[in-house]
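Quick notes on the structure that follows.
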Amino acid sequence: FGGYHASLMSDEAKKHADSIVIGEAEYNWPKVLLDVQKGKLKPFYKPDKLVEPEDIVPARHDIGVYTSLEAVQASRGCPTGCEFCAMQKVEGPRFRGRIVDQIIDEIKIIKSKTIFFADASLTISPPYSKKLFKEMAQVNKKFHCFGNINVVSRDDELLKLSREAGVNRWYLGIESISQENINQAGKSTNKIENYATAIKKIKDHGMNVTGFFIFGLDHDTPETFQKTLNAIYKWGLDSASFSILTPYPGTRLFERFEKEGRITNYDWSRYEEGKVNYKPVKLTEQELLQGIRNIAKDFFSVKQSFKRSFNRYHLNPIDAVITFVSNLSLKYFYMHEKLDI
């Protein structure tokens with residue numbers, strides 16, 4: 001086994017496998033194959049060091065099922081290390097940008113017209129991002145990517161280059177409108193006074209913005225949901241994602257909650273972002289679930305979806321209709337599938 005769960009909970013995963021590959025695969029996988037040939041497979045393969053950019057292997061887009069939105073990873077590593085995120089524990093804190101020409105070659109062989117960058121953020125290193133965007137402008141594709149609020153709120157050149165490169169949607173991990181929550185999570189790239197500026201600048205450059213929110217953080221109260229909804233409408237977000245705080249095993253959040261005796265469930269199959277697996281501080285479990293249901297019901301209502309879809313940012317009628325329909329489908333998802341109500 002390999003991947004996040006196997007890397008973060010290797011002893012548990014070992015109960016169900018002959019061998020566990022921890023962390024990145026590039027340097028370990030050849031060792032695994034040689035040991036298989038020898039018939040001497042080790043129980044664990046641990047990385048000696050992080051994989052260098054020139055050694056990162058691109059995904060195999062020539063195998064598997066075709067999708068309309070395929071993914072490319074331009075970099076690995078995240079220096080921020082949010083309390084609720086496991087990425088840093090698997091990929092490490094050091095940013096490593098792949099060789100730009102190799103990324104472009106990978107993009108060119110992908111059949112999908114739209115490509116999602118699966119990086120923690122495509123703006124961790126603005127000089128690297130700008131170099132990549134300049135080369136992406138040579139291929140006829142559309143792109144979605146995550147960005148850091150502290151960068152997109154002040155770097156107009158980066159936004160201009162991203163638009164010219166074909167980026168038409170940015171994802172922002174806003175997480176919370178409470179700076180206390182942000183500070184506790186350790187997300188140093190977020191300052192709430194920069195939220196409105198970041199969103200406006202992206203939209204002014206002709207790109208859409210999706211905001212990601214987490215509810216159930218320690219400073220959230222029953223009033224947080226309506227305050228967040230008011231802020232979202234004021235900012236003019238094009239779309240949003242609402243999730244319940246999930247203390248994934250292996251994260252610092254999980255470790256803290258265990259020490260505080262707040263983990264209520266160890267059934268990993270329930271560890272998805274529509275279920276409550278811990279004791280919130282200032283909310284009951286039902287208040288948390290109902291709060292997200294209410295905010296999603298309002299945000300993805302026919303009225304609000306129409307307002308977001310048919311405006312000066314969606315002058316293309318086909319784009320407007322697609323946006324409207326996708327919003328309504330998200331309402332169904334939150335009302336009937338995601339939340340454990």
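On a full-extension model of 0.36 nm per residue, what is the gain between S112 and I63, subtracting their alpha-carbon distance, rounded to one decimal in nm? Please list the in-between numbers first.
Details: separation 49, 0.36 × 49 = 17.64 nm, distance 1.35 nm.
Value of the extension gain: 16.3 nm.
Given R₀ = 41 Å, FRET efficiency for N294-K131 by Cβ-Cβ distance, to 0.05?
Details: r = 44 Å, r/R0 = 1.07.
Efficiency, rounded to the nearest 0.05: 0.40.
Just to verify a number: FRET efficiency for E52 and A25, C-beta to C-beta distance, R0 = 22 Å, to 0.05?
Values: r = 14 Å, r/R0 = 0.63.
Step by step, r from the Cβ atoms, then E = 0.95.
Over the stretch 1-147, one equal point on each Cα, no solvent: what is log10 I(q)/I(0) by the Debye formula at q = 0.13, 0.14 Å⁻¹?
For the requested q values the scattering log ratios are -0.68, -0.78.
Excluding residues fewer than 8 places away in the same chain, name every one of the lysines whose C-alpha is closer than 24 Å to that of K201.
K130, K131, K134, K141, K142, K160, K187, K191, K227, K234, K307
May I ask you to list the lysines whose Cα is less than 24 Å away from that of K42, ignoring any residue fewer than eight positions away on the same chain?
Here the lysines satisfying the reach criterion relative to K42 are K14, K15, K31, K89.
Which residues make up the longest stretch of the chain that has no chymotrypsin sites (Phe, Trp or Tyr not before Pro) in a DSSP loop with at most 12 other Cβ atoms within 10 Å? Present the calculation step by step, with values, prior to reporting the outcome.
Details: sites that count: Y66, Y266.
Excluding the exposed sites themselves, the longest stretch runs over 67-265.
Just need the relative contact order of the chain here, percent rounded to a whole number, with Cα pairs under 8 Å and 6+ apart. Can you show the working numbers first?
Numbers: 566 pairs, mean separation 39.4, N = 341.
Here the relative contact order equals 12 percent.
Please arrange E52, E175, E106 by how many other C-beta atoms lie within 10 Å of their C-beta, fewest to most. Don't skip to the end; give the middle numbers.
On the way: E52 11, E175 22, E106 18.
Listing E52, E175, E106 from fewest to most nearby Cβ atoms yields E52, E106, E175.
From the phi of every residue in the stretch 268-283, what ³J(HN,Hα) in whole Hz does the Karplus formula 6.51 cos²θ - 1.76 cosθ + 1.60 yield, where θ is phi - 60° and glycine or proline is x?
After applying 6.51 cos²θ - 1.76 cosθ + 1.60, I find 4, 5, 8, 7, 10, 7, x, 10, 9, 10, 7, 9, x, 7, 10, 9 Hz.
For K200 and E164, what does the FRET efficiency come to when R0 = 25 Å and r is the distance between their Cβ atoms, rounded to the nearest 0.05? Spell out each step's value before the answer.
Values: r = 19 Å, r/R0 = 0.77.
Working from the Cβ atoms, E equals 0.85.
Looking only at the chain, where both bridge partners belong to it, what percent of the DSSP beta bridges are antiparallel (to the nearest 5)?
Of the beta bridges lying entirely in the chain, close to 10 percent run antiparallel.
³J(HN,Hα) across the stretch 41-56 via Karplus (A = 6.51, B = -1.76, C = 1.60, θ = phi - 60°), whole Hz, x for Gly/Pro?
After applying 6.51 cos²θ - 1.76 cosθ + 1.60, I find 5, 7, x, 9, 10, 10, x, 7, 7, 6, 6, 6, x, 5, 9, 5 Hz.
Whole-Hz ³J(HN,Hα) for each residue in the stretch 93-98, computed from phi via Karplus 6.51 cos²θ - 1.76 cosθ + 1.60 with θ = phi - 60°, x for glycine and proline: what do you get?
x, 8, 5, 9, x, 5
Lone cysteines in the chain, going by a 4.7 Å Cβ-Cβ cut-off?
Isolated Cys, the chain: C78, C145.
Report the label-to-label distance for I318 and K303 in nanometres (one decimal), using points 7 Å from each Cα along the Cα→Cβ vector.
Rounded to a tenth, the inter-label distance reads 3.2 nm.
5 Å is the cut-off here: which amide hydrogens, built 1.01 Å from N in the peptide plane, fall below it relative to E175, excluding neighbours closer than 5 in sequence?
Correct list: F212, F213, I214.
Between beta-carbons, use under 9 Å as the cut-off and find the net charge around G77, counting Lys and Arg +1, Asp and Glu -1. Each step should come with its number before you reach the end.
Values: positive: R76, R94, R96; negative: E91.
My count for the surroundings of G77 gives +2.
Which order results if S309, S329 are arranged by neighbouring Cβ count within 10 Å, fewest first?
Numbers: S309 20, S329 11.
With the sparsest Cβ surroundings first, the list reads S329, S309.
Quick note: the coordinates plus some simple rules give every number you see, no bench work behind them. The model shown is predicted, which means the values in this text are computed figures rather than measured ones. Note: ideal-geometry Cβ built from the backbone for every residue, glycine included; neighbour counts use all protein chains shown.
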